[in-house]
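Here the structure is laid out as structure tokens; the discussion comes afterwards.
The values are calculated or read from the model by the stated rules, or taken from the named source; none is laboratory data. The model shown is predicted, which means the values in this text are computed figures rather than measured ones. Reconstructed Cβ throughout: ideal geometry from the backbone, glycine too, with neighbour counts over all protein chains shown. These accessible areas exclude ligands, DNA and RNA; they are computed on the full protein's heavy atoms, side chains included. Shrake-Rupley method; radii C 1.70, N 1.55, O 1.52, S 1.80 Å.
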Amino acid sequence: DTAVSQTPKYLVTQMGNDKSIKCEQNLGHDTMYWYKQDSKKFLKIMFSYNNKELIINETVPNRFSPKSPDKAHLNLHINSLELGDSAVYFCASSRAREQFFGPGTRLTVL
Amino acid sequence: QQQVKQSPQSLIVQKGGISIINCAYENTAFDYFPWYQQFPGKGPALLIAIRPDVSEKKEGRFTISFNKSAKQFSLHIMDSQPGDSATYFCAASMQSNYQLIWGAGTKLIIKP
């Protein structure tokens, strides 16, 4: 009965590869997010998405793209991975102002 | 103007003491101020939140103090316990856009 789930938990890959992280929420929320948390713990919002509108943080490289097959899922695709993409990525969903976070995916690019 | 400034970056408190983390903002359109708690290996989780029509909100050992004129708010943890050791984030959002603007986080360590 996990509210927001992400797979995989850990992802280790080579520079230049393409990878995806999956996110699912069973809370019935309309809005979902992707965050990047760097080694200093700073939380940076990458995307927010509801079933009508995608808002992209303009500082996010276009190698990152969210894909939402339905309201309960928001996957993150990353092309041509770079060393600087290494971080923990969190998916979240929200009801009104409160955001519910998934457990995170630790991405390591070698 | 969209920033939320959080201090200190790290904090060590003895068990039983009071932990205090401060945040400041510039945008007067912010009308919701939450604190999130993050344990190692987990995602952040909402701890407590306040709106600017009150100056204080208390939930158990956790209290938010809010100073609208100074555009500052703080988290107080009374009788701090080792289990409170975590990273704490303040944030703010406005009615027109629910996106949270995050502080940089405070790593709190409670020494037994």
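Picking from residues in segment B:40-85 that are hydroxyl-bearing (Ser, Thr, Tyr) and under 29 Å from A:Gly102 (Cβ atoms), the one that is most open to solvent (accessible area, probe 1.4 Å) is B:Ser85. Among the criteria (1) part of a loop (DSSP other than H, G, I, E, B); (2) surrounded by fewer than 16 Cβ atoms within 10 Å (Cβ to Cβ), the one A:Leu81 does not fulfil is (2). Could you please tell me which pairs satisfy a Cβ distance under 7 Å, a separation of 6+ or placement on different chains, a first residue in segment B:32-43 that is within 8 Å of chain A (Cβ to nearest Cβ), and a second residue that is modelled with pLDDT under 95 and open to solvent by 20 Å² or more (accessible area, probe 1.4 Å)? These pairs meet every condition: B:Tyr32/B:Arg51.
Return yes when A:Val109 is away from chain B (no Cβ under 14 Å) and either touching a residue at least 60 places away in the same chain (Cβ under 8 Å) or of a type in the set (Val, Ile, Thr) (or both) and no when it is not. For A:Val109, the condition - away from chain B (no Cβ under 14 Å) and either touching a residue at least 60 places away in the same chain (Cβ under 8 Å) or of a type in the set (Val, Ile, Thr) (or both) - is met. For segment A:85-110, filtered to residues that are open to solvent by 30 Å² or more (accessible area, probe 1.4 Å) and touching a strand residue (DSSP E or B) at 6+ places or on another chain (Cβ under 8 Å), the residue that is farthest from A:Ser5 (Cα to Cα) is A:Leu110. Of all the listed residues (B:Gln37, B:Gln95), the sole one being surrounded by fewer than 16 Cβ atoms within 10 Å (Cβ to Cβ) and of a type outside the set (A, V, I, L, M) is B:Gln95. Looking at segment A:1-46, the strands (runs of 3 or more DSSP E) lying wholly inside it that each contain 1 or more residues that are at pLDDT below 95 sit at A:31-37.
The residues in segment B:84-106 that are in contact (Cβ under 8 Å) with a residue 24 or more places away in the chain, more than 7 Å from chain A (Cβ to nearest Cβ) and not β-branched (Val, Ile, Thr) can be counted, and the count is 11.
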